[in-house]
1. Less than 9 Å Cβ to Cβ from Lys97, Lys/Arg counted +1 and Asp/Glu -1: what total charge do the surrounding residues give?
2. Compare the peptides 169-182, 118-131 by average per-residue count of other Cβ atoms within 10 angstrom and give them in order, highest first.
3. Select from Pro109, Leu67, Gly190 the residue farthest towards the positive end of the dipole of the chain; place +1 on Cβ of Lys and Arg, -1 on Cβ of Asp and Glu, and compute about the Cα centre.
4. To make sure I understand, if each residue's beta carbon is the centre and we count other beta carbons within 10 Å, what order do Met85, Met197 fall in, fewest to most?
5. Rounded to the nearest 500 deg cm²/dmol, what is the calculated helix-only ellipticity per residue at 222 nm for the chain, with -39500 (n - 2.57) per DSSP H run of length n ≥ 4?
6. For region 13-234, what is the charge dipole size about the Cα centre, in debye to the nearest 20, if Lys and Arg each add +1 at the Cβ and Asp and Glu each add -1 at the Cβ?
7. In nm², what is the average projected area of the convex hull enclosing the Cα atoms of region 130-235?
8. List the relative contact order of the chain as a percent without decimals, with contacts defined as Cα pairs under 8 Å and 6+ residues apart.
Amino acid sequence: MNTNVFSNTSAPVIIELKNIVKTYYFISHEIHALQGIDLKIRVGDFIAIAGSSGSGKSTLLNIISMLDTPTSGEVYCDGEDVCTMTDKVITRFRSKKVGLIFQNYNLIPVLNVLENVAFPLQIQSVKRSECLRKAKDILSQVGLSGHLEHRPAKLSGGQRQRVAIARALITEPEVVIADEPTAALDSKTGMEIIDLMRSLNESARTTFIFSTHDPRITSCVNNVLELMDGKLQYN
């Protein structure tokens, strides 16, 4: 069993995985994507999960973000057993606790920047005026006050990534999970995005978890977890 040690070991544990196994079954064979993962993620962590293609990074990220369930093992978020929750409860729980930043941004093309960022609050039945106020505030924080009316197709890759970050943060999640956040960005823009997320981590103690191949990210996080053949290696 693996045990990881972070620099902020005095901080509360927000997500804990215990002996996580994920197996995919096919007609003629099985794929053991994760094999006995033990992991504690603490408030304020700024960490990267690295590994080659097929190592299990996406599977692990999906379980941490509660988008998928393990074949066996236990998942806890704020001490609550996620594996015993119904899908409806998990969805509601995740919407309050976790912000997701996707590699391809997943912005809604027919909505402008302001509407894209406000959308997560709208589906939580927050008043439209409050949704827009909060969206404007957070877009200002990520440097996009001048692009509120633009649709995604009119933005650069770096601008779209900033919109995705703002959208992930508008619900004030405790944990932000980012899948290859700099993969489609040039070097300068990639570093600006990393610096922005580090600033948010330090100012609000938002926990960030990255899945990445990018050495720019692995060189600036507090800890790198290396996945190899479905098992964690700690650096």
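1. The answer is 0.
2. Listed from highest to lowest mean packing, they are 169-182, 118-131.
3. The Cα lying farthest towards the positive end belongs to Pro109.
4. So the residues, fewest neighbours to most, are Met85, Met197.
5. Theoretical 222 nm ellipticity from helices: -10000 deg cm²/dmol.
6. Approximately 740 debye in magnitude.
7. Computing the convex hull of the Cα atoms and averaging its projections yields 7.6 nm².
8. Relative contact order, the chain: 29 percent.
No value in this document is a laboratory result; all are computed from the given coordinates. The shown structure was predicted, so the numbers you read here are calculated from the model rather than taken from an experiment. For neighbour counting, all protein chains shown are included, and Cβ atoms are generated from backbone atoms with ideal geometry for every residue, glycine included.
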